[in-house]
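Notes to accompany the following structure.
The values are calculated or read from the model by the stated rules, or taken from the named source; none is laboratory data. It should be emphasised that the depicted structure is a prediction, and the values quoted were computed from it without experimental measurement. Here the Cβ positions follow ideal geometry from the backbone for every residue, glycine too, while neighbour counts run over all protein chains shown.
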Amino acid sequence: MIELDNVRKVYGDGTVAVDDVSLEVPEGETVTLVGPSGCGKTTTMTMVNRLTEITEGDVRIDGESIQDTDVIDLRRNIGYVIQEIGLFEHMTIAENISIVPDLRGWDEERKQERVEELLELIQLPQDVKTQYPANLSGGQRQRVGVARAMAAEPDIILMDEPFGALDPITRDELQDEFLDIQQKLDTTIMFVTHDIDEALKMGDRVAVLRDGELVQYDAPKDLLGSPKNEFVANFIGEDRVLKQLSAVTVREVMNAPQVGEGAGENPLSPDDSLKVALQRIFQQGDPLPVVEDGEVVGQVSEADIQAVTDRRTSEVLQ
Ligand SMILES: Nc1ncnc2c1ncn2[C@@H]1O[C@H](COP(=O)(O)OP(=O)(O)O)[C@@H](O)[C@H]1O
Ligand SMILES: [Mg+2]
């Protein structure tokens with residue numbers, strides 16, 4: 001777990017980049033830091049691996065202050081991915097990925113195995129091992145950057161706009177792949193982005209920053225359902241209700257099934273989003289049964305879905 005405890009950063013020129021931010025990132029979760037350019041995302045994140053020294057407050061990892069940890073040890077246990085990742089151009093892909101394992105003194109065989117395993121995980125062909133970064137596409141390079149950060153199995157990975165430089169399609173692919181990878185690992189991740197959609201998609205929780213302050217820290221559906229103020233609501237955008245439909249699952253709104261109700265031909269699953277549910281309701285009628293493990297466990301109607309978005313919308317407008 002990472003704890004930021006009233007951290008504050010004032011740069012040498014007097015800029016207050018981060019002002020009294022406290023937040024906890026539970027073990028194994030991904031937290032996205034989002035907000036407009038200059039709001040303090042990078043500063044907040046780099047205080048965790050001490051690339052930025054804290055002015056006031058503290059950061060603790062598993063209860064231990066990072067001030068009490070040797071900075072080299074600290075960074076070896078924290079993977080770091082940045083945009084345009086800075087792969088070493090004169091080193092092969094395998095060598096780039098092996099940097100931290102190398103520092104840790106892993107033997108050749110173990111490094112080789114790890115490189116092969118990671119290439120498979122990030123879906124790159126094994127023959128890129130001996131190639132140089134210049135031979136790879138932007139998306140492939142970014143994948144290598146992610147692999148490099150994961151190489152020595154760090155407990156924490158920090159990612160600063162890792163997919164920011166990619167075209168939308170490649171970006172979407174990499175986001176999906178990374179979500180898949182993250183499900184298999186138990187790494188604690190801080191992920192910086194200025195893109196609210198990316199923040200909502202990638203984060204178990206989302207921290208919205210403004211002018212160095214933490215405005216709201218919530219799970220995506222709570223952020224969408226109850227933005228704390230107009231700034232957050234505006235930042236989410238006018239399509240907030242549509243985003244909400246994507247972020248809320250059928251399980252959260254379904255009612256008990258009617259006695260004797262059948263599964264029908266194309267029932268919903270509790271894990272479907274309300275977006276999927278609404279689309280099916282438009283096609284197949286209302287209400288629709290919800291089926292899990294072959295059993296009807298509930299039903300959902302258009303009104304149930306509307307009630308959720310209405311209720312949440314009116315909470316915001318008050
Ligand atoms: N090394 C620095 N010296 C002085 N000011 C800085 C430095 N780095 C960042 N800042 C300022 O601190 C604020 C937050 O920057 P940053 O954390 O990079 O924001 P973000 O990542 O959200 O764009 C900005 O006003 C930025 O100009
Ligand atoms: Mg930044």
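List the number of the failed condition for ASP222; all other conditions in (1) farther than 25 Å from ASP272 by Cα; (2) surrounded by fewer than 22 Cβ atoms within 10 Å (Cβ to Cβ) hold. So ASP222 meets the others, but not (1).
Being within 14 Å of ligand 1 (Cβ to nearest atom) and crowded, with 17+ Cβ neighbours inside 10 Å is the requirement here; does VAL100 meet it? Spelling it out, it is not the case that VAL100 is within 14 Å of ligand 1 (Cβ to nearest atom) and crowded, with 17+ Cβ neighbours inside 10 Å.
When the range 6-50 is filtered for residues that are surrounded by fewer than 16 Cβ atoms within 10 Å (Cβ to Cβ) and either free of Cβ contacts under 8 Å to residues at least 40 places away in the same chain or not assigned by TED's automatic domain parsing to the domain that holds ALA207 (or both), the ones remaining, listed by number, are TYR11, GLY12, ASP13, GLY14, THR15, GLU24, GLY38.
When the criteria are applied in full, PRO270 fails the requirement of being part of a loop (DSSP other than H, G, I, E, B) and surrounded by 18 or more Cβ atoms within 10 Å (Cβ to Cβ).
Applying the set (1) touching a helix residue (DSSP H, G or I) at 6+ places or on another chain (Cβ under 6 Å); (2) over 23 Å from GLY145 (Cβ atoms) to ASP107 leaves exactly one unmet item: (1). Reported count of residues in the range 157-172, each being surrounded by 21 or more Cβ atoms within 10 Å (Cβ to Cβ) and either among the hydroxyl-bearing types (Ser, Thr, Tyr) or away from ligand 1 (no atom under 16 Å from the Cβ) (or both), is 1. Please verify whether PRO154 is closer than 20 Å to GLY86 by Cα, away from ligand 1 (no atom under 16 Å from the Cβ) and not in a helix (DSSP H, G or I), treating the condition exactly as stated. Criteria met by PRO154.
Criterion applied to LEU87, LEU124 was being assigned by TED's automatic domain parsing to the domain that holds THR15, in contact with a Gly (Cβ under 7 Å, 6 or more places away or on another chain) and within 24 Å of GLN175 (Cβ to Cβ), and the one residue passing it is LEU87.
Against the list (1) over 30 Å from ASP195 (Cα atoms); (2) in a helix (DSSP H, G or I), the condition ARG280 fails is (1). Of all residues in the range 27-57 being more than 17 Å from VAL81 (Cα to Cα) and among the hydrophobic types (A, V, I, L, M, F, W, C), which is farthest from ligand 2 (Cβ to nearest atom)? Among residues in the range 27-57 that are more than 17 Å from VAL81 (Cα to Cα) and among the hydrophobic types (A, V, I, L, M, F, W, C), the one farthest from ligand 2 (Cβ to nearest atom) is ILE54.
When the criteria are applied in full, GLU120 fails the requirement of being within 16 Å of ligand 2 (Cβ to nearest atom), surrounded by fewer than 20 Cβ atoms within 10 Å (Cβ to Cβ) and acidic (Asp, Glu).
Restricted to the range 15-26, and to residues there that are away from ligand 2 (no atom under 16 Å from the Cβ) and closer than 12 Å to ASP5 by Cβ, the residue that is farthest from the chain's Cα centre (by Cα) is ASP20.
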